[in-house]
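**Q** Here's a structure for you.
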Amino acid sequence: MQPAFFSFYSAVLNVAQDREDLIANNIANADTPGFKATDVDFDASLSQQMADPGAVPAAQYRADATVGLNGNDVDLDSERVEDAQNGEVMQSTATFLRQSTADLITALRPNPSGN
């Protein structure tokens, strides 16, 4: 039996990874004429992932972006900020899972002193 928090944090990592892929794609296409930046609504995608672990979040165009002369709306500064924030989510989630797993292993290990 798997503890419930494993399912939740697994979903968090899945959504964060999907979001990371979209951010990387946005950065890679920063100079592509006519390219429109996409992202996912993290909360809605997490709810969807919890209901159906195989679900793929629906990417949406960014509504607040300023379109350049070539029709591209990628702002590298905001993409870097989004990337850093998403990286912090992934790192903190992985750290929490590592520590929680270590705590579970410690709790399940027999007491060597016999107390």
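The values are calculated or read from the model by the stated rules, or taken from the named source; none is laboratory data. Note that the structure is a prediction, hence the values are computed from the model and not measured. Note that we place each Cβ from the backbone using ideal geometry, even for glycine, and neighbour counts take in every protein chain shown.
**Q** I'd like the full set of residues that are in a loop (DSSP other than H, G, I, E, B) and either under 12 Å from Asp39 (Cβ atoms) or charged (D, E, K, R) (or both), limited to the range 62-81.
**A** Residues of the range 62-81 in a loop (DSSP other than H, G, I, E, B): 62-75.
Within the range 62-81, Arg62, Ala63, Asp64, Ala65, Asp73, Val74, Asp75 qualify.
**Q** Okay, next question. Go through the range 11-43 and report how many residues are touching a Pro at 6+ places or on another chain (Cβ under 8 Å) and not acidic (Asp, Glu).
**A** Number satisfying all stated conditions: 5.
**Q** Pairs only if they're at least six apart or on different chains, beta carbon under 7 angstrom, first in the range 95-107 and at negative phi and assigned to a helix (DSSP H, G or I), second of a type in the set (A, V, I, L, M, F, W, C) and surrounded by 10 or more Cβ atoms within 10 Å (Cβ to Cβ); list them, first residue then second.
**A** Pairs found: Ser100/Phe5.
**Q** Looking only at the range 22-30, decide whether some residue is in contact with a strand residue (DSSP E or B) (Cβ under 9 Å, 6 or more places away or on another chain), of a type in the set (A, V, I, L, M) and under 18 Å from Arg80 (Cβ atoms). Steps first, answer last, please.
**A** Initially, the range 22-30 is screened for residues in contact with a strand residue (DSSP E or B) (Cβ under 9 Å, 6 or more places away or on another chain), giving 22-23, 25-26.
From what's left, of a type in the set (A, V, I, L, M): 22-23.
Those still in the list that are under 18 Å from Arg80 (Cβ atoms) too: 22-23.
Yes, because at least one residue in the range 22-30 is in contact with a strand residue (DSSP E or B) (Cβ under 9 Å, 6 or more places away or on another chain), of a type in the set (A, V, I, L, M) and under 18 Å from Arg80 (Cβ atoms).
**Q** For the range 91-107, does any single residue satisfy the condition of being surrounded by 15 or more Cβ atoms within 10 Å (Cβ to Cβ) and closer than 20 Å to Ala11 by Cβ? It would help to see each step written out before you state the result.
**A** Here is the first cut: in the range 91-107, the ones surrounded by 15 or more Cβ atoms within 10 Å (Cβ to Cβ) are 93, 97.
If we keep only those that are closer than 20 Å to Ala11 by Cβ as well, we get 93, 97.
Among the residues of the range 91-107, at least one is surrounded by 15 or more Cβ atoms within 10 Å (Cβ to Cβ) and closer than 20 Å to Ala11 by Cβ, which makes the answer yes.
**Q** Taking interchain pairs and intrachain pairs at least six residues apart, which have beta carbon atoms under 9 angstrom, with the first residue in the range 64-81 and among the β-branched types (Val, Ile, Thr) and the second assigned to a helix (DSSP H, G or I) and surrounded by 12 or more Cβ atoms within 10 Å (Cβ to Cβ)?
**A** Val74/Asn26; Val74/Ile27
**Q** Please enumerate the residues belonging to the range 21-50 that are over 24 Å from Tyr9 (Cα atoms) and in a loop (DSSP other than H, G, I, E, B).
**A** Correct list: Asn29, Ala30, Asp31, Thr32, Pro33, Gly34, Phe35, Lys36, Ala37.
**Q** Would the range 44-55 turn up any residue that is surrounded by 16 or more Cβ atoms within 10 Å (Cβ to Cβ), at pLDDT 90 or above and either aliphatic (A, V, I, L, M) or over 30 Å from Ser100 (Cα atoms) (or both)?
**A** no
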